[in-house]
Amino acid sequence: MLRGMGWKEGEGINGKAEVVPVEYVPRPQLLGLSATPAAEAGGGGKGKKFIKPGESREPKKDMIYIDKETGKQKWVKKVGEELVERGATGFAAGAPVAIVGGVHKDLYARVVSTGGIADQMSAVVKLTVSKETVQVPLSDLRPVDLQLEKSRAGFAFRQAAQEEAAAAAAREP
């Protein structure tokens, strides 16, 4: 029927550009727009549950779409573009961080653990270059967005330097 009306494959309707279909990336259930999911609480009190065909006992992976041009997370993607698994963020174990102060300034690391008392919080991190494990105050760390850091090398360090300059300017009368 469409061919009888003058439609050709690869063209849109009425000679307009071809329309590219999109699909929406589902968010985890009951999660707000800019929220990230909390870690799964393991060891639910119940024993084994009946598994229906096609289901699994393993929790679903949290998959997200990262736009290759901007390096940002998007909720709409073109059909055929791939999803990636969401990585650790903030100061969670395994999350990438930039060290912006102290002896190890201008190095990247991954968080091993965090702890401390109120205003003396610190993290044990594993340096990416030397694989050395060191303890650093949380005030000397900045979370790193790997996608953004790949597209703009040193972004976390430049951002920390700008924050420090703004704080110094605010302190001077």
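The values are calculated or read from the model by the stated rules, or taken from the named source; none is laboratory data. Bear in mind that the values here come from a model prediction, so they are computed numbers and not experimental data. Only protein heavy atoms, including side chains, enter the accessible area calculation; ligands, DNA and RNA are left aside. Shrake-Rupley method; radii C 1.70, N 1.55, O 1.52, S 1.80 Å.
Leaving ligands, DNA and RNA out of it, report the carbon-plus-sulfur percent of the accessible area of the stretch 60-141 at a 1.4 Å probe.
Details: 2830 of 5200 Å².
Carbon-and-sulfur percentage of accessible area, whole number: 54.
If you take the C-alpha gyration tensor of the stretch 79-128, multiply each eigenvalue by 5 and take the square root, what semi-axes do you get, largest first, in whole Å?
Values: eigenvalues 147, 41, 14 Å².
Ellipsoid semi-axes (Å, largest first): 27, 14, 8.
Working note: Karplus 6.51/-1.76/1.60 with θ = phi - 60° gives the stretch 126-131 the couplings 10, 5, 6, 7, 9, 6 Hz, where Gly and Pro are set to x.
Using a 1.4 angstrom probe, figure out how much accessible area the stretch 50-173 has per residue, in square angstrom, rounded to the nearest whole. Let's see the in-between values first.
Values: 8720 Å² over 124 residues.
Solvent-accessible surface per residue comes out at 70 Å².
For the stretch 74-81, putting each phi into the Karplus relation 6.51 cos²θ - 1.76 cosθ + 1.60 with θ = phi - 60° gives couplings of 10, 9, 10, 9, 6, 4, x, 6 Hz, in residue order, rounded to whole numbers and with x for Gly and Pro. May I ask you to evaluate 6.51 cos²θ - 1.76 cosθ + 1.60, the Karplus curve with θ = phi - 60°, for each residue of the stretch 159-164 and list the ³J(HN,Hα) values in order in whole Hz, giving x for glycine and proline? So the J values, rounded to whole Hz, are 5, 5, 5, 5, 5, 5.
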